Structures are given as structure tokens and as C-alpha cells.
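Comments concern the structure below.
The values are calculated or read from the model by the stated rules, or taken from the named source; none is laboratory data. Quick caveat: nothing in here was measured; it's all calculated off a predicted structure. Glycine also receives a Cβ, built like all others from the backbone with ideal geometry; neighbour counts cover every protein chain displayed. Ligands, DNA and RNA are stripped out before the accessible areas are found, and what is left, the full protein with its side chains, is counted by its heavy atoms. Shrake-Rupley method; radii C 1.70, N 1.55, O 1.52, S 1.80 Å.
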2 protein chains.
Amino acid sequence: MNNFIFYSPTEFVFGRGAEVQTGTLVKKYGAHKVMVVYGGGSVVRNGLLACVEKSLQEAGIAYCMLGGVQPNPVDTKVYEGIELCRKEQVDMMLAVGGGSVIDTAKAIAAGVPYDGDFWDFYIGKSTVTEALKVAVVLTIPAAGSEGSGNTVITKVAGLQKLSLRVPGLLRPVFAVMNPELTYTLPPFQTACGIADMMAHIMERYFTNTQEVEIGDRLCEGTLLAIIKEAATVMKEPQNYGARANLMWCGTIAHNGTCGVGCEEDWASHFLEHEMSAIYNVTHGAGLSVIFPAWMTWMVDHHVDKIVQYAIRVWGVPESEDKKSVAFEGISRLKAFFKSIGLPITFAELGIENPDIDRLVDSLHRNKGELVGNYVKLTRKDSGEIYRLAL
Amino acid sequence: MNNFIFYSPTEFVFGRGAEVQTGTLVKKYGAHKVMVVYGGGSVVRNGLLACVEKSLQEAGIAYCMLGGVQPNPVDTKVYEGIELCRKEQVDMMLAVGGGSVIDTAKAIAAGVPYDGDFWDFYIGKSTVTEALKVAVVLTIPAAGSEGSGNTVITKVAGLQKLSLRVPGLLRPVFAVMNPELTYTLPPFQTACGIADMMAHIMERYFTNTQEVEIGDRLCEGTLLAIIKEAATVMKEPQNYGARANLMWCGTIAHNGTCGVGCEEDWASHFLEHEMSAIYNVTHGAGLSVIFPAWMTWMVDHHVDKIVQYAIRVWGVPESEDKKSVAFEGISRLKAFFKSIGLPITFAELGIENPDIDRLVDSLHRNKGELVGNYVKLTRKDSGEIYRLAL
């Protein structure tokens, strides 16, 4: 086990009706004026935004609004938000939405007190030393951004999708999580969220760090819970228990609980970010395509942990033939993704002839000559993995 | 799943050599003068105390010392500490030790700014509204007090052992955790710590709350990791990986990670507290006696979750005969406790004829007519459980 710091100071307020506490929580964390950030019309239509506004008003908190954040959130919305925050003298970002909304709020939070271009942080040209507080009312269990200090933004000019991690400053101070708010998510979006949270766990699980039994067991246990509840939620979208379990799994998949003390991988995420940036695919759907391909490639290059995964997560019987155990595990993962309506090939994503050279070039230009840790992938390796996903 | 708040703001700094960061961390959390609280001579003999003092000196932090905390910590030491803190104008407690030392430090932290008797908090006569900050350098993985807002103190006059829970104020701001510091723990103490952390998980696991799959899976996964690493650590006390896994399991067993959204039980802990108070048995050894007895009683009264536990944690094959599955699980738990040198009966604790009437009277006088939640135990029930432990 490697040395690690576990620090998850976010106050997660979880359960039915939790959103009515938003105003009180904003006040508790010392904000005077918040910017409410949201996406499309769903939070308007289902009344959540009105409920949050009412809660802020009752707590005597001033606020301004920034709507229209899109999936795969872009830098232009961040610039708009920074300008508005400065004008309105906002001291806390309140993201009402999923990962895209939260990540946008974090980018704005870092950008407001910074003299230069906020993009400097994402390209490593500058470091975040100060930020507005960020808080969340979560509507989509997927990205885990409600419990992490991470944000991913795409620069429109050049289609560069980059991530930034500032656990000390960009981690939300509180996150309100009511599973009922996820009842109306479309099935495809629910499924994409499931793929995303599973990927967050698997990026940590596939490690070369030894003696990480507790990290492994927490990863496996969370995956088992997701797999069970996913089947229920696809059949019964208003099943509170299934929605609640999934929502919490999405958070612990990414707040540091899973995979403590491990060197993490993240190659699949980086492979997928290029797909999102170039083809604008939904992140979770890109992951359900690329992760099985990544694993398949690993069977011939570093099979060990894939075997343990197949046995403990998918219940594949133990056998001396490691490769067949691993392939059976991957086959069950693919069948699971298909069962919840996710694509597992580029073709099923609607991309018949992906430009693999472009994907590989962009990946290694953004992330360096070697990508990931479980096996450090060269350009040749990345190309092979993209091809396994055709 | 019940509504819940997950809030674990403690910064856990985990790994080899972590204790040298103590002074820097004290400074980061804004303290000017700390009281270093410790127990017997082991932290003196093994050089840890000297290392911590050096680290404080290098960070320019003033400090005073309070040694001599005993297992099953008592109120008299708390009064001594409160007086010294006031005289020395201490603003942070630094506990260097295990649960007894940390719990004493928390009691002092609550008592210093309070005008009345600190014992008021434990008997529910007053509420903690202010406290000194608490920080920890952990030497015994067991109580989980490094990540909780809980403290248990025994009043010498009357042998009353009571607990207090103030998550908002008594939770440590940081905890330094170096598994190497546990290499020299005597085998019995290591084993008692293992029983304690397992009990913390099982108190949460045995619940009537439905649809808690993620809570269950995290409990089961942590138990599986403990059972595996316990076998290693008893054979190889200096096995870093096994010590590291156990140490982290002890923390997550009690910081809210396991059993989210569940109504918790705690009957076994309360049954044991009377044994500790009256017969001064080590908490973990009392738990390894009483928990199997509690489970055995449950087979005839509410078997369901015991069956799931037997199957998922102990690998008992599924069967229509629920009771035999449950009994086999309990039998495996007992065999495990015996294998690491723990008692499973009063007799093995060295108490041939326990005064069960006195235990029952004291339990229900302290905790009310009904104890626990999985099944609410009457006086008759408690007596039967104590007798099953003979």
C-alpha cells in the first residue's frame, strides 16, 4: 500500500427532500451571495430550481443565475460565469445539476480571483491558490464531481478536453443529494452515469500497487452494489432504494473511498476524453465502449488483476486458465453494459469509421508519450485499443 | 435507505514515516499550544513521543504533556487534564495513542471551555457547544476514535462507562497514521483491536433498514479484508501491508463509511461496556465473547441478516435451512476469534461466575428498558445473551 491522504471534508446531506435545506446550508458555510449554475430546462420544468430559489430566499441569501451549461462543458460558459460573478460580487458557486454543471462552477470558482486566463490552470501554466466556495445540489449520479476537487472542461477552439484537480480548494463544501431528483432521468442518461461511476472505480482498481486488500474490497463491493441496483433502476426508474444506492455509489466511486493507497490508472478515461472532444459522444457511453477494449488488450499484456476482477465482481469460476477467466469477465461486463442500453463499439456509438490516427495523436499530444499506469500505453498500444473498440 | 449525513472532515495522513508531519499539521490547523496526551510507557520506549516532540519543536509549537492514561479511561484523568489545559492555555489536544488516549483527549477538549462538570455531557445533562480542537497520532488500530466524534469514559465512582457523540466538535481535525507504529503491539492487543473494528462494522450491518446494498457491501468488504489480514499479522507482526490494511479498516469501520443510511444496533457494545466497567475486561476481548452470543440469540429471534452475513462474509453455502446457515456463520466467527487468540466465553475471560443480574441491572439502568435496534432487548433477553456467553 502506498502512503496516502484521505481527506473528504464535503458534508453530504442525503435523502428524501434534502434540497429544502439548501439555503440553510449556504448560510452555515458563510456565503452572502451565490451564483446558481444550471444546465438545460429540466431543473426548471421539474420545479427543482424554484425550490432552491425559495430555500435561498427563506435563508436571506442573495443570488444570481447562470443557466445553459451543456454536456461536455465548454470554456466559453466559464468565461461568461467569471464575468458575471465579478460583476455581482458572488462569494459561493451553487451548482444545481450533474457533472457538467459542477465542473463549470468549479472552473468559475477558480477563475474569479485569478488575474489571468482560467485555462492556464488546465494546461498547467498556473496553480490555483484561491477560489470561491463551491456547493452542489446533485441531479445526476455519475461524475462524482460533488465529492471531488476535479473538473473537466473542453476548450471550444481546438477541441481540447482537459482536467484539473485541486482537492484543497475546489471540493464542494456541501452536497445536497435527493435520490428522488433522479427519477426523471432518461434511461440512456441513467445508464451513462452507471458506466461513469463504474469506470471511476475501475481506474483505481486496476493497479500494480500490492497489498491493497481493503482498497480492492471497497472497489469490488461498490461495483457489486452498482450492478445489482442498475438492473432494478432500468426496470423501475422510480424505485427509491435503487436510485439511492446508485446515487451514493457514484459519490464514493470518486471521493477517495475506493482504491486508497493505490497508484491509479486513468488510461481509459483519457482514451475516452479524445472521443468526447472529437466526436462529442456522451462520456459514459464512450467509457462503455473503451473500457472493455482496454481490458481486452490487457489480457495479453498484464492479465493478473483482470482475473481477480472477473472472479470477485462477475462471479467467474476460478481456473488455471487465467486468460479464459479474464475474457469471461470482460464478456460479462459487455453483456451488462448492453443490458442497460449502452454501446460497446464505435459503430454502436454511431461512429462507423473513427479517425484513429487523429484520436491517438490528440491523446498523446495532450497526455504525453505514455498514458496510464497499469500498463503505460504507447501510441501503438493506444491505437490497438481504439481498434479493439471498432 | 434512511436519510443520512456523511461528514468525515478529518484529514487522514497515512503511511510510513507520517508522524514527522505532526508539527506541520498542528500549525496548519492553527494551534499555538497543544497538550500531548499519552498512555503508558510504550510511546516513550519506542521513541514515538520524542519524535512527536521534535516535530512540534521544529514547527515552533509550544506544548505540555499529560501521560498515564489507562485502558478503559477514567474521569479522574479527564479532570486532571482540564485543569492543566486551563492553566497552560492550551488550544489543541494532541492524542498520541489508541482509543483510550483519544477519548480522554476528546473529553478534556469538551470540558475545558465548559463551566460545569464535564460528566454532564455523558449523562445528557448538558450539550457540548464549544471544544478545543483534537488531533491524533494513532498507535492502535481498534477504536476508530481517530475518525469519529465519539468518546467513552468510565466514572470511577460507581463504575459507570458512558459514551458521548459530538461529530461536529469532537472529531479530530487530522489523524497521523503510520502502520509501522503498530509493529510492536502485543498479539493480544492486536487481536482485541481486530475484534473491536469488526464489532463496529457489525453493529451497523445488523439493521432492519431495507435497500442498503451499498452499506452492506462496504461492511462485508471491510470484514473480508480484516479477516484476511488478521491471519497474516498474527504470524508476521512486522508485515507492513497487513498492518496497513488493518489500520485503515479500523478507521473506516467507524467514520461513517460502513453502513450508510442504516439504523444501527449497538446492543453488543452496550452489553460489553458493562463487562468492562464491572470486570475491567479489555473492550475487544469482551466483544469477542458477547458478539457471538448476541448472534446466537438472534438465530431464534431474527435470523435474516445473520444468514446473509454467514454467506457473504464467511462463505457458508446457501441453503433453505436458514438457521443452519446462520449457526455455521457464527461457528466460523468463533473459530476465527479463537485462531487469533481471543476468548469466546466468560470462562475464557477468566470470569467463572459472572454476576449476570448485576450486569443486566446496570445495563438497563444506564441504557433504558430496551437496548439495541435489530431486536430491542428486554432485561430477560439481555440475561439470556449473557448466559449464552458463559
Matching entry among B:F188, B:F174 (being at negative phi, aromatic (F, W, Y) and in contact with a Leu (Cβ under 6 Å, 6 or more places away or on another chain)) = B:F174
Out of the range B:261-280, which residues are crowded, with 24+ Cβ neighbours inside 10 Å and part of a loop (DSSP other than H, G, I, E, B)?
-> B:D265
Report whether or not B:G284 is open to solvent by 10 Å² or more (accessible area, probe 1.4 Å) and under 24 Å from B:P179 (Cα atoms).
-> no
Can you find even one residue in the range A:313-322 that is among the aromatic types (F, W, Y), buried (at least 23 other Cβ atoms within 10 Å of the Cβ) and assigned to a helix (DSSP H, G or I)?
-> no
Please state which one of A:A191, A:A157, A:A135, A:A143 is buried (at least 21 other Cβ atoms within 10 Å of the Cβ), part of a loop (DSSP other than H, G, I, E, B) and small (G, A, S).
-> A:A143
Please verify whether the range B:245-254 includes one or more residues that are open to solvent by 10 Å² or more (accessible area, probe 1.4 Å) and facing another protein chain (nearest Cβ under 8 Å).
-> no
Residue list for the range B:240-260, restricted to those being over 11 Å from B:P141 (Cβ atoms) and part of a loop (DSSP other than H, G, I, E, B) = B:N255, B:G256, B:T257, B:C258, B:G259, B:V260
Away from chain B (no Cβ under 11 Å) and part of a helix (DSSP H, G or I), is that true of A:P237?
-> no
Just one of (1) buried (at least 24 other Cβ atoms within 10 Å of the Cβ); (2) more than 19 Å from A:P292 (Cα to Cα); (3) at the interface with chain B (Cβ under 8 Å from one of its Cβ atoms) trips up A:G215, so point out which.
-> (3)
Of the numbered conditions (1) farther than 22 Å from B:T251 by Cα; (2) modelled with pLDDT of 95 or more, B:G41 satisfies every one except a single condition; which is it?
-> (2)
Looking at A:A293, A:A225, A:A310, which one is within 27 Å of B:A242 (Cβ to Cβ), part of a helix (DSSP H, G or I) and away from chain B (no Cβ under 12 Å)?
-> A:A310
Just for the range A:196-212: of the residues that are buried (at least 24 other Cβ atoms within 10 Å of the Cβ) and charged (D, E, K, R), which one is farthest from the other protein chains (Cβ to nearest Cβ)?
-> A:E203
Determine whether A:A231 is assigned to a helix (DSSP H, G or I), surrounded by fewer than 24 Cβ atoms within 10 Å (Cβ to Cβ) and of a type in the set (A, V, I, L, M).
-> yes
Count of the range B:369-390 residues which are of a type outside the set (A, V, I, L, M), under 23 Å from the mean Cα position of the chain (by Cα) and part of a helix (DSSP H, G or I) | 2
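Conditions tested, residue by residue: (1) assigned by TED's automatic domain parsing to the domain that holds A:A231; (2) closer than 30 Å to B:V260 by Cβ; (3) more than 21 Å from the chain's Cα centre (by Cα).
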residue: A:A285; (1), (2), (3): yes, yes, no
residue: A:A293; (1), (2), (3): yes, no, no
residue: A:T296; (1), (2), (3): yes, no, yes
residue: A:V307; (1), (2), (3): yes, no, yes
residue: A:A310; (1), (2), (3): yes, yes, yes
Select the helices (runs of 4 or more DSSP H) contained entirely in the range A:1-112, then report the ones holding at least 2 residues which are closer than 21 Å to A:F174 by Cβ and open to solvent by 60 Å² or more (accessible area, probe 1.4 Å).
-> A:22-28, A:48-58
Looking at the range B:347-368, is at least one residue among the hydroxyl-bearing types (S, T, Y), open to solvent by less than 90 Å² (accessible area, probe 1.4 Å), in a loop (DSSP other than H, G, I, E, B) and assigned by TED's automatic domain parsing to the domain that holds B:I278?
-> no
Which residues, counting only those in the range B:285-335, are more than 20 Å from A:A225 (Cα to Cα) and of a type in the set (D, E, K, R)?
-> B:D300, B:E320, B:D321, B:K322, B:K323, B:E328, B:R332, B:K334
Enumeration of residues in the range B:57-104 that are of a type in the set (A, V, I, L, M) and either farther than 19 Å from B:V26 by Cβ or not assigned by TED's automatic domain parsing to the domain that holds B:L159 (or both) | B:V69, B:V74, B:V78, B:I82
